[in-house]
Amino acid sequence: MRGWPVVDSIQFARQHGDVHRPVGIAELARLASMVSPAEAVFDVRLQGFEDSEGRPCLRLRVSGQVPLVCQRCLEPLTLEIAADRRFVIAHREQDLPDLSDEDDDIESLLADGNLNALALVEDEILLQIPMAPMHEEGTCTPPGLATDRRSAGSVFGVLGTLLNTKD
Ligand SMILES: [Zn+2]
């Protein structure tokens with residue numbers, strides 16, 4: 001078996017691989033570029049198994065906190081992540097099972113002899129981050145609201161002065 005985070009997905013499933021380790025945000029380049037400050041550690045567990053039909057499967061659990069910035073007040077916002085997803089692995093694209101009737105937490109995955117487990121972990125985390133993360137409605141206000149009104153007022157003040165000079 002190859003070294004973490006690169007695993008042979010089918011082999012990992014068949015051999016009932018079980019990796020449980022912390023993953024620092026620094027290991028997740030796409031995510032690290034999105035959050036600030038870039039400090040967070042996720043609890044990650046990847047397990048291989050076979051389902052009742054004998055198909056090779058992976059179960060990935062990721063939990064932790066993502067440091068984000070609230071898009072309303074621009075103050076820090078901590079998002080709790082708790083993902084628990086199962087993947088059914090198929091050798092060929094045409095063999096990928098139709099899982100549309102199944103639970104949302106079950107997905108199909110193409111067999112990959114060099115699966116980067118960290119990319120799976122990162123996808124799980126990115127999926128849970130909203131487009132515009134915000135504190136709960138009514139718990140914060142935009143920082144520049146009062147200032148903006150004042151400056152808007154002063155713009156009209158300047159306009160008024162300009163109009164007055166024309167007279
Ligand atoms: Zn906020």
Magnitude of the Cβ-charge dipole (Lys and Arg +1, Asp and Glu -1) of the range 6-139 about the Cα centre, nearest 20 debye, reported as 500
Karplus ³J(HN,Hα) for the range 50-59 (6.51 cos²θ - 1.76 cosθ + 1.60, θ = phi - 60°; Hz, whole; x = Gly/Pro) runs 10, 7, 4, 8, x, 7, x, 9, 10, 10
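Where both partners of a DSSP beta bridge lie in the range 6-139, what percent of those bridges are antiparallel, to the nearest 5?
Antiparallel: roughly 85 percent of the beta bridges in the range 6-139.
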Under 5 Å from the placed amide H of H135, counting only residues 5+ away or on other chains, we find Q71, R72, C73
Once amide hydrogens are built 1.01 Å from N within the peptide plane, the residues lying 5 or more places from L77 or on another chain with amide H under 5 Å from its amide H are L68, V69, C70
For the range 1-90 the trypsin sites (Lys or Arg not before Pro) that pass both the DSSP coil test and the at-most-10 other-Cβ-within-10 Å test are none
Once amide hydrogens are built 1.01 Å from N within the peptide plane, the residues lying 5 or more places from E107 or on another chain with amide H under 5 Å from its amide H are R86, F87, V88
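Coordinate-derived values only; no laboratory data. This one's a predicted model, so the numbers in the text were calculated from it and none came from an experiment. Glycine also receives a Cβ, built like all others from the backbone with ideal geometry; neighbour counts cover every protein chain displayed.
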